[in-house]
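The values are calculated or read from the model by the stated rules, or taken from the named source; none is laboratory data. The structure displayed is predicted, hence computed values, not measured ones. Quick reminder, even Gly has a Cβ in these numbers, built from the backbone with ideal geometry, and neighbours come from all protein chains shown. Just the protein is used for accessible areas: all its heavy atoms, side chains included, with ligands, DNA and RNA removed. Shrake-Rupley method; radii C 1.70, N 1.55, O 1.52, S 1.80 Å.
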Amino acid sequence: MQLDDDVVGSVINRLRRAEGQIGGIIRMLQQGRDCAEVVTQLAAVSRALDKAGFAIISSGLQQCIAAGDGGEIDLAKLEKLFLSLA
């Protein structure tokens, strides 16, 4: 499966933002910032990573459906991928 270039670009941008957020969290910890602020930022990074994963899975599913080549979609594999992000 080859991901659409637009999806790849979007996911890369999301991951780069998450990378920056993680750097910020590390600095927050080093500065002794409030625990609630740190946890809030960790939750935001976690959501960003989940969205990146869902975008990849969604794009792959769309390709499988659009291909219409009669090939079976491996629902168990797809479910496992979705649950890995849950």
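Show me 3-14, 43-54, 23-34 ranked by packing, highest mean number of other Cβ atoms within 10 Å first.
Values: 3-14: 13.1, 43-54: 14.6, 23-34: 11.6.
Packing order, densest peptide first, comes out as 43-54, 3-14, 23-34.
So how much slack lies between I26 and L42, counting 0.36 nm per residue of separation and subtracting their Cα-Cα distance, in nm?
The I26-L42 span can extend by a further 4.7 nm.
Using a 1.4 Å probe on the protein heavy atoms only, what accessible surface does L75 show? Give it in Å² to the nearest 10.
Accessible surface of L75 is approximately 120 Å².
Tell me, in nm to one decimal, what length is gained between D4 and L49 on full extension, where the rule is 0.36 nm per residue of separation less the Cα-Cα distance?
Here the segment from D4 to L49 would lengthen by 14.3 nm.
How far apart, in nanometres, would the label points at N13 and K80 be if each is projected 7 angstrom from Cα along the Cα-to-Cβ direction?
3.3
Show me, for the range 13-27, the HN-Hα J-couplings you get by feeding each phi into the Karplus relation (A = 6.51, B = -1.76, C = 1.60, θ = phi - 60°), rounded to Hz, glycine and proline as x.
Residue by residue, the range 13-27 yields 4, 4, 5, 5, 5, 5, 4, x, 5, 5, x, x, 5, 4, 4 Hz.
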